[in-house]
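Heads up: the structure comes next, in structure tokens.
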Amino acid sequence: MRFVVGIGVAALASSFSAPVVAEETIKVGVVVEMSGPFAPYGHQITYGMRAYMKAKGDKVAGKKIELIVKDTTGPAPDLARRLAQEMVMRDKVQFLAGFGLTPNAMAVASVATEAKVPMIVMNAATSAITTKSPNIERVSFTLPQVTAPIAEWAAKNKIKKVYTLVADYAPGLDAEATFKKVFTANGGEVVGALRVPLKNPEFAPFVQRIKDAKPEAVFIFTPAGETAVAFMKAFAERGLDKAGIKLIATGDVTDDDVIGAMGDAALGVITTHHYSAAHKSPENDAFKKAYADVAGPNTRPNFMAVGGWDGMHLIYEVANKLGGRIDAGKALAAAKGMTIQSPRGLIVIDPVTRDVVQDVYVRKVQKVDGKYFNVEFDKLAKVKDPGKS
Ligand code: PHB
């Protein structure tokens, strides 16, 4: 009898202590690319998240926020799903977050649904992602949202014939389709379309084909990073700029993180996007300072970093509204229609699509104080994902 009571007390003690510990922290399971060719994405996103925590304190609603970061090593849907499942089952994370690449976000959607965990997408930008689980909120952007403005801009600026080149995976196909639709609706013509592999494309032959077709401009989407640098190099080496062919793109291509590596080849390129480190606002100044505090002096945040920062902001707001007790249904309701003062401007979580409504800026690559920046010169206000509105 004493033996039985002994066990009962131990069991009682552990069943009391476990939930108390769990309730003192809010765990965020971060699924990101921390190694391999897309490693910068994971680092930028997590630095953005940590910068927010450092600037605002790591406690919200009386609970400590804890990040558990897992590396997908690149576009690896099966691994991303397994990592998310482990964090939900073993670590009992209350949020899933991160997602630089679309294939990883797509793969984790079903985990968010089954485990009833809110999933905050901080970059992955294929339009359809938010339709894959009712528990997804996206704070970044969608490819159609930033592509439609450049297609309109091109048509209004007397560009009539464009060749398109995109990375051959979902975000690229979104960009290609949106560009064609909006550009032709505004009187332009797409004279050729190329799709290149996501990983390590060899651009020279593609770029030569474009040059031979003599379009007035090329529209490109490649995921941010070294691929974009490789394209820019091939574009300049094959002399497309000298042949008078303009380059237009989404801001992924002239990403703040690699624009310096592109050098003069990028000068004058017009892009449309939701964030530039050169954006002028007190919120952006504070963000840049907080980012440098965690990522190191002379580092510059990019659009992935701002996704991490704003995603964390959303998590803090939701946790506050729910008094720290996170439940997917209530978190979702709390986030719907939420407005956030982002370093990029005011953003709103669309209550119907759970995507972000935001200003999209038209920018030109220029040198400012000896450094390359996407300098904003025009903006389209409160842009929604055009495929969903
Ligand atoms: C994506 O995989 O969704 C993605 C990655 C990089 C970008 C944009 C979209 O620059």
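The values are calculated or read from the model by the stated rules, or taken from the named source; none is laboratory data. Just so you know, these numbers come straight off a predicted model, no measurement behind them. Positions of Cβ are generated from backbone atoms using ideal geometry, with glycine treated the same way; all protein chains shown enter the neighbour counts. Accessible surface areas use protein heavy atoms only, side chains included; no ligands, DNA or RNA. Shrake-Rupley method; radii C 1.70, N 1.55, O 1.52, S 1.80 Å.
Here are the numbers:
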{"read-out": "Failed criterion for F141 (all others in (1) within 16 Å of the ligand (Cβ to nearest atom); (2) among the aromatic types (F, W, Y); (3) not in a loop (DSSP other than H, G, I, E, B) hold)", "value": "(3)"}
{"read-out": "Qualifying residue in the stretch 294-315 (condition: under 30 Å from K158 (Cα atoms), touching a Leu at 6+ places or on another chain (Cβ under 6 Å) and touching a residue at least 40 places away in the same chain (Cβ under 8 Å))", "value": "no"}
{"read-out": "Matching residues, the stretch 227-241, being within 12 Å of the ligand (Cβ to nearest atom) and open to solvent by 10 Å² or more (accessible area, probe 1.4 Å)", "value": "T227"}
{"read-out": "Which numbered condition G187 fails, given (1) farther than 22 Å from I129 by Cα; (2) in contact with a helix residue (DSSP H, G or I) (Cβ under 7 Å, 6 or more places away or on another chain); (3) part of a helix (DSSP H, G or I)", "value": "(3)"}
{"read-out": "Unique residue being farther than 27 Å from D256 by Cα, among the aliphatic types (A, V, I, L, M) and open to solvent by 30 Å² or more (accessible area, probe 1.4 Å) when the list is A333, A328", "value": "A333"}
{"read-out": "The one condition in (1) over 30 Å from Y47 (Cβ atoms); (2) out of contact with any Asp or Glu (no Cβ under 7 Å at 6 or more places or on another chain) that A124 fails to fulfil", "value": "(1)"}
{"read-out": "Qualifying residue in the stretch 265-276 (condition: among the aromatic types (F, W, Y), open to solvent by less than 20 Å² (accessible area, probe 1.4 Å) and under 19 Å from P343 (Cβ atoms))", "value": "yes"}
{"read-out": "Considering residues of the stretch 282-321 that are of a type outside the set (F, W, Y) and in contact with a Pro (Cβ under 7 Å, 6 or more places away or on another chain) only, the residue nearest to the ligand (Cβ to nearest atom)", "value": "V306"}
{"read-out": "Verdict on D359 being closer than 26 Å to A154 by Cβ, of a type outside the set (G, A, S) and within 17 Å of the chain's Cα centre (by Cα)", "value": "yes"}
{"read-out": "Verdict on K246 being open to solvent by 60 Å² or more (accessible area, probe 1.4 Å), over 24 Å from the mean Cα position of the chain (by Cα), in contact (Cβ under 8 Å) with a residue 12 or more places away in the chain and more than 16 Å from the ligand (Cβ to nearest atom)", "value": "yes"}
{"read-out": "Strands (runs of 3 or more DSSP E) wholly inside the stretch 42-123 containing at least 1 residues that are away from the ligand (no atom under 16 Å from the Cβ)", "value": "63-71, 95-98"}
{"read-out": "Pair list, Cβ < 8 Å and 6+ apart or interchain, from the stretch 103-123 residues that are under 17 Å from I326 (Cα atoms) to residues that are of a type in the set (S, T, N, Q) and open to solvent by 30 Å² or more (accessible area, probe 1.4 Å)", "value": "V111/Q85; A115/Q85; V117/Q94; P118/Q94"}
{"read-out": "Set K180, K160: member being at pLDDT 95 or above, among the basic types (K, R) and either crowded, with 24+ Cβ neighbours inside 10 Å or within 29 Å of P197 (Cβ to Cβ) (or both)", "value": "K180"}
{"read-out": "Residue satisfying all of: in the stretch 162-214; aromatic (F, W, Y) and within 17 Å of L247 (Cα to Cα); nearest to the ligand (Cβ to nearest atom) among these", "value": "F179"}
{"read-out": "Residue check for Y372: touching a helix residue (DSSP H, G or I) at 6+ places or on another chain (Cβ under 6 Å) and among the hydroxyl-bearing types (S, T, Y)", "value": "yes"}
{"read-out": "Qualifying residue in the stretch 65-82 (condition: touching a residue at least 40 places away in the same chain (Cβ under 8 Å), open to solvent by 10 Å² or more (accessible area, probe 1.4 Å) and of a type in the set (K, R))", "value": "yes"}
{"read-out": "Candidates T254, T222, filtered to the one that is within 25 Å of A76 (Cβ to Cβ), modelled with pLDDT of 95 or more, open to solvent by less than 60 Å² (accessible area, probe 1.4 Å) and among the polar types (S, T, N, Q)", "value": "T222"}
